[in-house]
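Undergrad: Right, I'll just put the structure down here and ask away after.
Coordinate-derived values only; no laboratory data. Just so it is clear, the structure is predicted and the values come from calculations on it, not from any experiment. Please note: Cβ atoms are built from the backbone with ideal geometry, for glycine as well, and neighbour counts cover all protein chains shown.
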Amino acid sequence: MNRTRTFQLLTGVVLALLLHLQAQAQTLRLADIKTTTDVGLAAPLNVNSLLPIVNNQSIGNATIDELLYWPLIWIGNKIEIRWHKSLARSIQVSRHDTTYTISIHHWKWSNGRTITAADVAYSYDLIQAFGTRYLNYDIGGIPQMVRSVTVTSPDQLVIRTTRPVNPDWFELNGLSQLMALPRFSWRHDSINYLFAHQTDPTLARIVDGPYQVRHYIIGRKVVLVQNPRFSGPPALFHKLVYAMYTPSEGAFCALRSGTLDIGNVPHALFRARHLLHHLRNCITDGGFTLNYVVLNYANPHASFFRQLPVRRALQYAINESLIIRIAFNGTGTPAFNPVPGDPPTYLSPLIRHLDAHPDLMYRPAHARALLRRAGWRTVPGDGWIRRNVQGHPLVFTMLLPSISRTQVVMADILKQEWRAIGVEMHIRKLPFNLMLAKLVERGGTWESAFLAWDYEPDYYPTGEGLFNTGGGTNYGHYSNPELNRLILATNLKPGRKALYAYERFALRHLPVLYIPLQGNIVYYAPSLSLAETNSTLYHVACTLPHPVIRHGIPPLVVHP
């Protein structure tokens, strides 16, 4: 998912807060909360879709969509299925790991109808119909590794795969994409109709999640109210109002004026935090997320990205410690491969060592030597820009979403660091949705772009869809047979050995350039207690793609 964060295991303090929260639950259910999308995660994004599958899967959209439509399986803070919170009652796996029999609870739609297995199968049908336009295409083997989906009874469906697969991977990355959708309401609507009308609230009138849409104004706000027929864990808040502020400085002003009850403070306004002296604050971690610069390997004008020495030089010139200190006000964590390091559950010992000692990867002198040995020279009178023997310069443009000044500061640091090794990078800011549209258009002329990926629904962070040939979100068209083989091995073989091999390859061959992940500064109204605030982060972001933030209490790093 684009733009997207987590996790630390629940500590004793957080568990105590949870117990306190449970004692206050009845009171909290009466509360109304005014907030923005992406609280505790990133700069707020607009909501431009109310329907799953057909949207661009930004966190702004996912925040709303997953409050309306409940997932088949609910992933807990230890990346495990929490059955009491899942629509699925159980999943039985055949002896040869090819047949998955899914039984569902007898939960209800908001109109009182019983949810059926056919409603779950319908979500797979829509994914298949949407095809490669579906941004999670090929993640978790959906739909390419699925042989058949058969509804065997009103509360049971059977999914058969084309070959034996790693059950953990298939459940956490594949089945996690499925949900019940109102087939009886949408059955006469084509996938193209749903795509074209994804902002129509009437299509979202029948839901099975904890909230329903009361009011929606594109670009301004979404008002959600409790769904009284929701069969899962009870919603704590009577009403959630999501105001849309882009760029994020608007949310800062709304916090100061009291228009918002809770929201992020941009890192660029960290020095102005004294203006919010009447509010309390905490810091959340950056989440189970990848920040990266995607490179367009299909653009002949940026063909130098296909040269591994160029990519390595660019990565060695990234001063992650400086970015964390200057752009993120010291709240971030380093990253040197696609697998997130917080928590370090899936990290190999090598990557853990690099994350603990980020300066080992900052080697600008080595970066300059790599470029020199690869034939890139500075030309007398040409300033700092390196050119190859044909005279082509090492110059490119990076697209940047215009939602956060923090990202602009980060990009400026990259620009200066790369200029020091003879590479010139230009920055072009675009609205986030326009930038995504450019990335997915055929024959795109863009050269590079800053993106973030939240590992949801791909909780098992293997890279399919992102870096395998033809992956749905492989925007740069990176293609390497060996990486394809390593990704496939993580899909088929249980255990960490295959995952560690994938990490090592991604570190050495750099399908993208890795950027550190920022923490997030959250301020909230003093009328909210500490426990209520954690509950608010949990509920206003309860669909966030992180086990702890999404399904528990986000970690409190600082609470003055």
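Undergrad: How big is the antiparallel share of DSSP beta bridges in the stretch 321-466, given as a percent to the nearest 5?
TA: If I count the DSSP bridges inside the stretch 321-466, around 25 percent turn out antiparallel.
Undergrad: Fewest to most neighbouring Cβ within 10 Å: what's the order for Phe237, Phe270?
TA: Fewest-to-most Cβ neighbours within 10 Å comes out as Phe270, Phe237.
Undergrad: Would you list which lysines come within 16 Å of Lys221, measuring only between C-alpha atoms, while excluding same-chain residues fewer than 8 positions from it?
TA: Lys34, Lys239
Undergrad: Then there is this: Which Cα, out of Thr333, Leu513, Leu314, lies furthest along the positive dipole direction of the chain (beta carbon charges, K/R +1, D/E -1)?
TA: Looking along the dipole axis, the top candidate is Leu314.
Undergrad: Okay, next question. Would you work out the charge dipole size for the chain about its Cα centre, treating the Cβ of every Lys and Arg as +1 and the Cβ of every Asp and Glu as -1, and quote it to the nearest 20 debye?
TA: On the way: 53 positive and 35 negative charges, 153 e Å.
Dipole magnitude for the chain comes out near 740 debye.
Undergrad: For the stretch 241-258, take each phi angle, set θ = phi - 60°, evaluate the Karplus expression 6.51 cos²θ - 1.76 cosθ + 1.60, and give the result in whole Hz per residue in order, putting x for glycine and proline.
TA: Here the 3J(HN,Hα) series is 10, 9, 8, 9, 10, 9, x, 6, 4, x, 5, 4, 5, 5, 5, 5, 7, x Hz.
Undergrad: Give me the extension gain from Ser94 to Leu275: residue separation times 0.36 nm, minus the current Cα-Cα distance, reported in nm with one decimal.
TA: 59.2 nm
Undergrad: Cross-link candidates for Lys108: which lysines have Cα within less than 16 Å, leaving aside residues fewer than 8 places away along the same chain?
TA: Lys85
Undergrad: Another question, then. Given a Förster distance of 45 Å, report the FRET efficiency between Arg306 and Asp200 from their Cβ-Cβ distance, rounded to the nearest 0.05.
TA: 0.55
Undergrad: Please report the spacing between the Cα centers of the stretch 332-362 and the stretch 259-276 in Å, no decimals.
TA: 29 Å
Undergrad: Amide H neighbours of Ile427 under 5 Å, at least 5 residues apart or on other chains, H built in the peptide plane: list them.
TA: It is Met398, by chain and number.
Undergrad: Over all directions, what mean area does the Cα convex hull of the chain project, stated in square nanometres?
TA: Values: hull surface 97.8 nm².
Averaged projected area of the chain's Cα convex hull equals 24.4 nm².
Undergrad: So what are the ³J(HN,Hα) numbers for the stretch 172-182, from phi and the Karplus equation (6.51, -1.76, 1.60; θ = phi - 60°), rounded to whole Hz, Gly and Pro as x?
TA: After applying 6.51 cos²θ - 1.76 cosθ + 1.60, I find 6, 10, x, 5, 5, 7, 8, 7, 7, 10, x Hz.
Undergrad: Would you mind counting up the charge near Ser479? Only other residues with Cβ under 15 Å from its Cβ, with Lys and Arg at +1 and Asp and Glu at -1.
TA: 0
Undergrad: Then there is this: Averaged over every viewing direction, what's the projected area of the C-alpha convex hull for the stretch 83-186? Give it in nm², one decimal, please.
TA: 6.6 nm²
Undergrad: If you wrap a convex hull around the C-alpha atoms of the stretch 69-115 and split its volume per residue, what is the figure in Å³?
TA: Working: hull volume 4.3 nm³, N = 47.
Given the Cα convex hull of the stretch 69-115, per-residue volume reads 91 Å³.
Undergrad: To make sure I understand the rule: partners must be lysines, Cα under 21 Å from the Cα of Lys415, and not fewer than 8 residues away in the same chain. Which ones qualify?
TA: Here the lysines satisfying the reach criterion relative to Lys415 are Lys429.
Undergrad: Follow-up question, since we're still on this one. Taking every DSSP beta bridge with both residues inside the chain, roughly what % is antiparallel (nearest 5)?
TA: Just about 80 percent of them are antiparallel.
Undergrad: Calculated from DSSP H runs of 4 or more alone, at -39500 (n - 2.57) each and per residue, what is the 222 nm mean residue ellipticity of the chain, nearest 500?
TA: -8000 deg cm²/dmol
Undergrad: Length gain on complete extension for the stretch Arg163 to Asn433, per 0.36 nm per residue less the alpha carbon to alpha carbon distance?
TA: Roughly 93.5 nm would be gained on extension.
Undergrad: Quick one: what are the phi-derived ³J(HN,Hα) couplings along the stretch 399-407, Karplus 6.51/-1.76/1.60 with θ = phi - 60°, whole Hz, x for glycine and proline?
TA: 6, 9, x, 8, 10, 8, 5, 4, 5
Undergrad: So, one more: List the residues whose amide H sits under 5 Å from the amide H of Thr378, counting only those 5 or more places along or on another chain, with H placed 1.01 Å from N in the peptide plane.
TA: Result for Thr378 returns Arg387.
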